[in-house]
1. Please give the contour-minus-distance gain from Gln353 to Ile375: 0.36 nm per residue of separation, less the Cα-Cα distance, rounded to one decimal in nm.
2. Among Leu401, Asn194, Ala351, which residue has its Cα positioned farthest towards the positive end of the charge dipole of the chain, with +1 placed on the Cβ of Lys and Arg, -1 on the Cβ of Asp and Glu, and the dipole taken about the Cα centre?
3. If each residue of separation counts as 0.36 nm, what is the full-extension length gain between Glu385 and Asp131 once their alpha-carbon separation is subtracted?
4. Order of Asp301, Asp109 from fewest to most other C-beta atoms within 10 Å?
5. Only bridges with both residues in the chain count here: give the DSSP antiparallel percent, nearest 5.
6. Show me the ranking of peptides 77-85, 100-108 by mean Cβ neighbours inside 10 Å, starting with the highest.
7. Straight-line reach from Lys89: which lysines have a Cα under 22 Å away, not including same-chain ones fewer than 8 places off?
8. Using the Kyte-Doolittle scale, find the helices of the chain whose mean hydropathy is at least 0.5 and whose Cα atoms extend 18 Å or more along the helix's long axis, counting only whole DSSP H runs.
Amino acid sequence: MTEALSQALMFPMPRAAGCPFDPPPELSRRSEQEPVSRVRLWDGSSAWMVTRYADVRALLTDARISVDVAEPGFPHTNAVSKARDAQMKTLMQMDAPEHTTHRRRLTADFMVKKIEALRPTIQRIVDGLIDDLLAGPNPADLVEAFALPVPSLVICELLGVPYADRAFFQRVAGELVMDEGDPAHAMAASEELNAYLEELVDRKSAEPGDDVLSRLAVEQYRTGAMTRREIATMGQLLLVAGHDTTANMIALGTAVLLAHPRQLSAIRDAGDPAVVAGAVEELLRYLSITHTEARRVAREDLVIGGQPIRKGEGIIAVKSTANRDPAAFSDPDALDVHRNARHHVAFGYGAHQCLGQPLARVELQVVFGTLFRRIPTLAPAVPQEDLTFKPNAVFYGLRDLPVTW
Ligand code: HEM
């Protein structure tokens, strides 16, 4: 190990006590002083960490980088993610041209126009859950009563997965995205979910409905273009990426707004959907919940931010510091729902940029445009220091959010 490497920091780094909504201080310091630097990972390997906005965008659109998880230098997040990557190849682990072919099979379902048509359904779901919340016990846990069910109901509707099975898939999805624990346990969960989805593909093929899995069963499975397994894997990615991310954004976004009452009232009293839409972009930027960041490996020698990176070396593109880069956002550590934050990289950038972003946007716009208006007295039921955050999960979030009104 070289001297520079022996001094390399461990990634990820801990967040500061009392600042749960900010990136770890050491990460911010690196971004200021050494924007492309070495970090050590859980298995003793090392990788380059790229932290500035312009460098992150340049990197994520560079054809010389790859998501090939089989490359020895690929910077796996932990033992669970390494095992998961070895077992299952989704869109996220495919390079062009394979990636382009697979992603194209889904783009029509996530086009802005198609997703906008779901807005009334999403509004109905959100209103129904708020009715139930208000009719139930006070205080209540906003994660269980609202943040988790909103995206679960929406993704079930879109994919054609029976919501009655939610206890099952929420459990296995939860096991899949935990970054700690026994990889064998996570793999067993993934197998269970795949078996469930494969059976569902058969049912959809026999009796198609108006949903994404039915469309894939008819257009891809029946024609032999995709196997049952491939469709199940795609379904698994959509189900997990489609509910855990948005659920964490709802819970964390609510917690951060409750801690910033003036920003909250700007959203509540806006009466203008454009203000709410802008606030959602700012929350995405500020919270950057995919804190395990974008992992890549260099396919060829390249230079990023003046730093040469050699073929085969692992690279981590850090969106959370890119989204706090003063060169891209003025006064970046301030939460300001009125700023124009739309150019953030919370959904990634380049070929793998989030496929579900139109859906996430509409869900979050409906949630934040409705929740504080319908429950204007919403308040935390415990002090912020008593909240339990999820520092070791794939997506940053809150285990629970006790609220009162
Ligand atoms: C607030 C919510 C969300 C956030 C912050 C988020 C974030 C991200 C990010 C950062 C990536 C890129 C990963 C990389 O470059 O390595 C990504 C990819 C992806 N997301 Fe999301 N996502 C969200 C919601 C959703 C939803 C609702 C869906 C689907 C229903 C979804 C489906 C996907 C898929 C399929 C990919 C892989 C795209 C590819 O590799 O081509 N996401 N997401």
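1. Details: separation 22, 0.36 × 22 = 7.92 nm, distance 3.40 nm.
Stretched fully, the Gln353-Ile375 segment lengthens by 4.5 nm.
2. Ala351
3. Values: separation 254, 0.36 × 254 = 91.44 nm, distance 2.89 nm.
So the extension gain works out to 88.6 nm.
4. Details: Asp301 12, Asp109 18.
Final ranking by Cβ density, sparse to dense: Asp301, Asp109.
5. The answer is about 80 percent antiparallel.
6. The densest-packed peptide leads the list: 77-85, 100-108.
7. none
8. Details: long enough: 119-135 (24 Å, 0.31); 183-206 (35 Å, -0.37); 228-258 (45 Å, 0.74); 273-287 (21 Å, 0.97); 357-374 (25 Å, 0.26).
Within the chain the helices that satisfy the rule are 228-258, 273-287.
Here, each number is a calculation from the coordinates, and none is a lab measurement. Note that the coordinates shown come from a computational prediction; the quantities given were computed from them, not determined experimentally. Heads up, the Cβs are rebuilt from the backbone with ideal geometry, glycines too, and the neighbour counts pull from every protein chain shown.
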